[in-house]
Every structure is written in structure tokens, then in C-alpha cells.
Amino acid sequence: MKMEFQLQTQTGSGPVSLQVDEIYNVGYAGRDQEVVRRHVEELAEMGVAVPKHVPTIYPVSSTSLTTAEEVEVTHGKTSGEIEFVLFLTGGRQYLSVGSDHSDRALEAFSVPMAKQICPNLTAGVVWDMDEVAGHFDRLVMRSYVTRDGVRTLYQEGRVDELLSPEQLIGAVEQHLGRRCENAVIYSGTLPTRDGMIYGEKFEYELEDPVLNRRMASAYRLRLLPAPRE
């Protein structure tokens, strides 16, 4: 499918259409293995099995990608996590920021199912990787969760806490045994500051302190009515 974004450059912005045929959510992708261990322990507390391979790679449906401002859920134990997002299309690379929303209750049974059942959120803005490649590791990601009306800084850190774009692409292509094209790769996430928070709103942003710019987005969670069974 094709998706429309705003391409923000140093000289201005304009629309760009990106082809999305496949999406991969990478997990446990920290450059520092101590950070990876902390994230594994965080999920293990919820009953999530320890992965057999690090990093993990979860293919999800291309239709799961959305810039929506509202996500419908069936219960209160789902949450977002900030990630940088790579778009590989037309021989070029674009960068955005997103949230790999997941069903935490379902993760205890099957992480792939939990990833597949929830949407992959992304901002409606992309940057050309050529503009940030020289200072990529200085980019900063932040997320906020609002719970019961209280907004809390949830995650914060530089992207150099995670595998580089080249390492992420290499890991996915090695797993597939082929080159990625018209693909979207989610980077894996940063550790939370104070543990998992389930809230009614999730905000995520990517800051470029060198070029003095920022992209951000947010979405609210809407709980569906209880089923009749």
C-alpha cells in the first residue's frame, strides 16, 4: 500500500508518497546488553518468555501501519513504546518516529500475536536519512503517558542506545535471506523510566538537536464495550 507523509527537509516540507509492502518490529535491540537485560526483566515480570534470539524480529501486516490519533482496545493492559522508524523504498531511506503498541496480556501467551493484533503507530512526518546520517546518534526520543489525567515522562534517551539503522537492516535482511525493499522497520524501544504504565494517551517524539527540529505525534486509547458471549 502507499501512504502519504510530509517530508520535512532543511529547506522546507512537502508531501511524499511511500510504498509499504512489509513491516518488521525489532525487539531487544539495545546496543548495551545491560539495557536489553533490564527490558527482558521488565517484560518477564508480566510473564513474557525470554527470547531465544536477540534481537528478535516480528513480521506484522503492512495494514497495521497507521498515523491514527485513536486506537481501539478491548482491555486496559495495552501500552505503547517509542521507536524510531525506518522506511526503505525507492532505493532511499527515510526516518520517522512511532509507537509499537502491544497487548501486554496477550504477550504472556504469544509475543508475535500481541504485535500482530495491535497497530503500529507512526508520525505523519519523515526526514531524509541523508540529512541526519552524520549525526544520527545524537537524536533524542521521548514518550509520555497520560493516566487518569496525569501526564508523565515515560521514556527518554538517545537513539544510540539502540542498534544503528545499518545494524537493524542487516539483522532483518539476514533473517529473511534477501534485501528489504518497500519495507518499514521499527527499531525496538528504550527502557521505561519507572516501569510499565497503562494510560489513556500516549505521546511520542523525535528531536534533532543538530538541525534544531522535532517531529511528534500522539494517540488516545478507546476501550471498546464488553462483548456479549
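Taking the DSSP beta bridges with both ends in the chain, the antiparallel portion is around 80 percent. Between residue 2 and residue 211, the simple label model (points 7 Å from Cα in the Cβ direction) yields a spacing of 2.4 nm. Applying 0.36 nm per residue to the separation of residue 148 and residue 229 and subtracting their alpha-carbon distance, the gain on full extension is 26.2 nm.
Using packing as a proxy for protection, rank 87-97, 134-144, 61-71 so that the peptide with the highest average count of other Cβ atoms within 10 Å comes first. Walk me through the numbers on the way to the answer.
Values: 87-97: 19.5, 134-144: 17.1, 61-71: 15.2.
My ranking of the peptides, most packed first, is 87-97, 134-144, 61-71.
Computing FRET efficiency as 1/(1 + (r/R0)^6) for residue 193 and residue 220, where r is the C-beta to C-beta distance and R0 is 22 Å, gives about 0.55. Straight-line reach from residue 201: taking Cα to Cα under 13 Å and skipping same-chain neighbours fewer than 8 places apart, the aspartates and glutamates in range are 69, 70, 72, 81, 148. How much area per residue is accessible in the stretch 91-229 when the probe is 1.4 Å and only protein heavy atoms are counted (Å²)? So the stretch 91-229 comes to 46 Å² accessible per residue, rounded to a whole number.
Could you compute the net charge surrounding residue 1? Neighbours are other residues with a C-beta less than 12 Å from the C-beta of residue 1; K and R count +1, D and E count -1. Mind showing how you got there, number by number?
Working: positive: 2; negative: 4, 21, 22.
Overall, the nearby charge balance is -2.
Entry for the stretch 17-141 at q = 0.11, 0.19 Å⁻¹: log10 I(q)/I(0) = -0.41, -1.19, Debye formula applied to identical alpha-carbon scatterers, no solvent contribution. Spacing of the modelled spin labels on residue 108 and residue 10, each 7 Å from Cα toward Cβ, amounts to 5.1 nm.
The distance between label points at residue 167 and residue 52 comes to 2.4 nm (points 7 Å beyond Cα on the Cα→Cβ vector). Sum up the charges of everything whose Cβ sits under 12 Å from the Cβ of residue 158, counting Lys and Arg as +1 and Asp and Glu as -1, but leave residue 158 out. Neighbour charge sum, excluding residue 158 itself: -4. In the stretch 91-206, one over the average inverse separation of all distinct C-alpha pairs is 15.8 Å, which is the Kirkwood hydrodynamic radius. Which net charge results when you count Lys and Arg as +1 and Asp and Glu as -1 among the other residues whose beta-carbon is under 13 Å from that of residue 199? Summing Lys and Arg as +1 and Asp and Glu as -1 gives +2.
The value given for the chain is a Kirkwood hydrodynamic radius of 17.8 Å, derived from the mean inverse Cα-Cα separation. Surface composition of the chain: carbon plus sulfur atoms hold 48% of the accessible area, using a 1.4 angstrom probe and ignoring ligands, DNA and RNA.
Residue ranges 205-212, 176-183 sort as 205-212, 176-183 when ordered by packing (mean number of other C-beta atoms within 10 Å per residue, highest first).
Students often check this: by mean Cβ neighbours within 10 Å, which of 219-225, 109-115 ranks highest, and how do the rest follow?
Details: 219-225: 12.7, 109-115: 16.9.
Peptide ranking by packing, descending: 109-115, 219-225.
For the stretch 170-221, the equivalent ellipsoid built from the Cα gyration tensor has semi-axes of 28, 18, 13 Å, listed from largest to smallest.
The values are calculated or read from the model by the stated rules, or taken from the named source; none is laboratory data. These numbers were taken from a predicted model, which means no experiment stands behind them. Counting neighbours? That spans all protein chains shown, and the Cβs are built from the backbone with ideal geometry, glycine included. Areas reflect the complete protein model, heavy atoms only, side chains present, ligands, DNA and RNA absent. Shrake-Rupley method; radii C 1.70, N 1.55, O 1.52, S 1.80 Å.
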